[in-house]
């Protein structure tokens, strides 16, 4: 017969007992009959605050990333919805903009539904992929080719989260009659929203799309429909400005700005509770004491390192597109809502962190199979041996023939620090099969070269890199075709040549 546990009348299962001393990664934890001593209590609370600081960073990136976009545009003078930032000479490497491309005419507007109320966006005929995202970088609606107007142009109406008017609201993106006109109506979950539109190059030039946007894009409050303000277009080309969130303590202050501005209903109680656990709560100042601030400074450093590990050395199932390859998926799991296994696995938190740490724009058109429409992306940070790409060395990348892109394909080089275009003597650190007359091999494939100096005779296929800096690339396919989705076509790997 088993003897009673000392201090009890019966044998107590050991698995429910707490020993007097436990060795852990945060030190030795000491107890008297299950009650932690003062040092253990302090260590546990410090650790809890640290963990929640790290998790706040990893889960708050979508909000601070869109807030960084808003702040960057305000710094460029785009403070109202009729003030539009346009890359009329394409996006070069001057601005800090998460993995922006050099190959489409970006047109960017910040919507403020708190100030403007229901807001109209008139899209011109021929607009490429366009999207509205809310203040947590969630999908609101598509526009242009992948949107309900299908590139034929149309009027969209974006309603604020607390809208209580008498409009007959359909499901997002569906047609509705408003004041006798047909609109595609969507309701956002936040006041601040980002509208991003893309126009394609014509004969390798941005002129046609620039004229399309300047002549046909309109954004105004529904209340001003009879007399909308004139659009103002601000060029973002060849200009340095920053749209990227902080990776230091300022990150938490940026997040507080978002949480304090937006309605409580924007986020579920779980996320609100996580952020509030370190003092980021709507209607309250964010003012951590000296102890907590020191912990958060360390937490954001670990959070940043964790996000970078997810991006540059992903361990997520489904990250790699091909066996024994360095090519990675941006939308790991293939769901723009970041649901794992169609929701059975809940929210794929690490996949969400990976995407928003390195990219912007959230739309089904980038995640789901849309043959001939939308866009698909793959990124690569290593050579074929698994080593990080080094700006001091030279590499070759083979793009096989018959690239499955109805519109065009491109390769753009990025800086791992800023996740923005790599700044070199080249204005555009990229190659585009419609913008550049590339040298083609006898089999129809194209070899691209990367390094500090161009190989002799290969200058037009060369992208410059910087000694002492790393780099990575994104391969884009606009209008992706079936061989991309069934993986019968795949890009080559980076081969070290010098």
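The values are calculated or read from the model by the stated rules, or taken from the named source; none is laboratory data. Quantities reported herein were computed from a predicted structural model and do not represent experimental measurements. Backbone-built Cβ (ideal geometry, glycine too); neighbour counts: all protein chains shown.
Observations
- Scanning segment 147-154 turns up no residue that is free of Cβ contacts under 8 Å to residues at least 40 places away in the same chain, surrounded by fewer than 24 Cβ atoms within 10 Å (Cβ to Cβ), closer than 25 Å to residue 259 by Cα and over 22 Å from the mean Cα position of the chain (by Cα).
- Answer residue from segment 2-56, given it is at positive phi and not in a strand (DSSP E or B) and is surrounded by the most Cβ atoms within 10 Å (Cβ to Cβ) among those: 34
- Number of the condition not met by residue 442 [criteria: (1) at pLDDT 95 or above; (2) in a loop (DSSP other than H, G, I, E, B); (3) within 19 Å of residue 92 (Cα to Cα)]: (3)
- Residue count for segment 270-294 under the criterion of being buried (at least 21 other Cβ atoms within 10 Å of the Cβ) and in a helix (DSSP H, G or I): the result is 1.
- Test: residue in segment 246-269 that is surrounded by fewer than 20 Cβ atoms within 10 Å (Cβ to Cβ) and under 19 Å from residue 93 (Cα atoms): no
- Qualifying residue in segment 418-429 (condition: more than 25 Å from residue 95 (Cβ to Cβ) and at pLDDT 95 or above): no
- Total residues in segment 199-215, condition surrounded by fewer than 23 Cβ atoms within 10 Å (Cβ to Cβ) and either assigned to a strand (DSSP E or B) or without any contact (Cβ under 8 Å) to a residue 60 or more places away in the chain (or both): 6
- Odd one out for residue 489 among (1) in a loop (DSSP other than H, G, I, E, B); (2) touching a strand residue (DSSP E or B) at 6+ places or on another chain (Cβ under 9 Å); (3) surrounded by 17 or more Cβ atoms within 10 Å (Cβ to Cβ): (2)
- Flag if residue 463 is within 24 Å of residue 240 (Cβ to Cβ), in contact (Cβ under 8 Å) with a residue 24 or more places away in the chain, under 22 Å from the mean Cα position of the chain (by Cα) and assigned by TED's automatic domain parsing to the domain that holds residue 373: no
- Matching residues in segment 389-417 - criterion: being surrounded by fewer than 17 Cβ atoms within 10 Å (Cβ to Cβ), touching a strand residue (DSSP E or B) at 6+ places or on another chain (Cβ under 9 Å), at pLDDT 95 or above and farther than 13 Å from residue 450 by Cβ: 400, 401, 417
- Some residue of segment 41-49 being under 30 Å from residue 138 (Cβ atoms) and not assigned by TED's automatic domain parsing to the domain that holds residue 217: yes
- Residues in segment 389-424 that are under 23 Å from residue 307 (Cα atoms) and assigned to a strand (DSSP E or B): 5 in all.
- Checking residue 351 against (1) crowded, with 22+ Cβ neighbours inside 10 Å; (2) without any contact (Cβ under 8 Å) to a residue 12 or more places away in the chain, the condition it does not meet: (2)
- Residues within segment 218-242 that are in contact with a strand residue (DSSP E or B) (Cβ under 9 Å, 6 or more places away or on another chain), in a helix (DSSP H, G or I) and in contact (Cβ under 8 Å) with a residue 40 or more places away in the chain, tallied: 1
- Residues that are touching a strand residue (DSSP E or B) at 6+ places or on another chain (Cβ under 7 Å), assigned to a loop (DSSP other than H, G, I, E, B) and in contact (Cβ under 8 Å) with a residue 40 or more places away in the chain, drawn from segment 427-439: 429, 434
- Extreme residue, surrounded by the fewest Cβ atoms within 10 Å (Cβ to Cβ), among residues of segment 367-388 that are part of a strand (DSSP E or B) and touching a helix residue (DSSP H, G or I) at 6+ places or on another chain (Cβ under 8 Å): 388
- Summed over segment 14-48, residues that are in contact with a strand residue (DSSP E or B) (Cβ under 8 Å, 6 or more places away or on another chain) and either at pLDDT below 95 or within 26 Å of residue 296 (Cβ to Cβ) (or both) total 8.
- Selection status of residue 303, within 30 Å of residue 474 (Cα to Cα), under 23 Å from the mean Cα position of the chain (by Cα) and part of a loop (DSSP other than H, G, I, E, B): no
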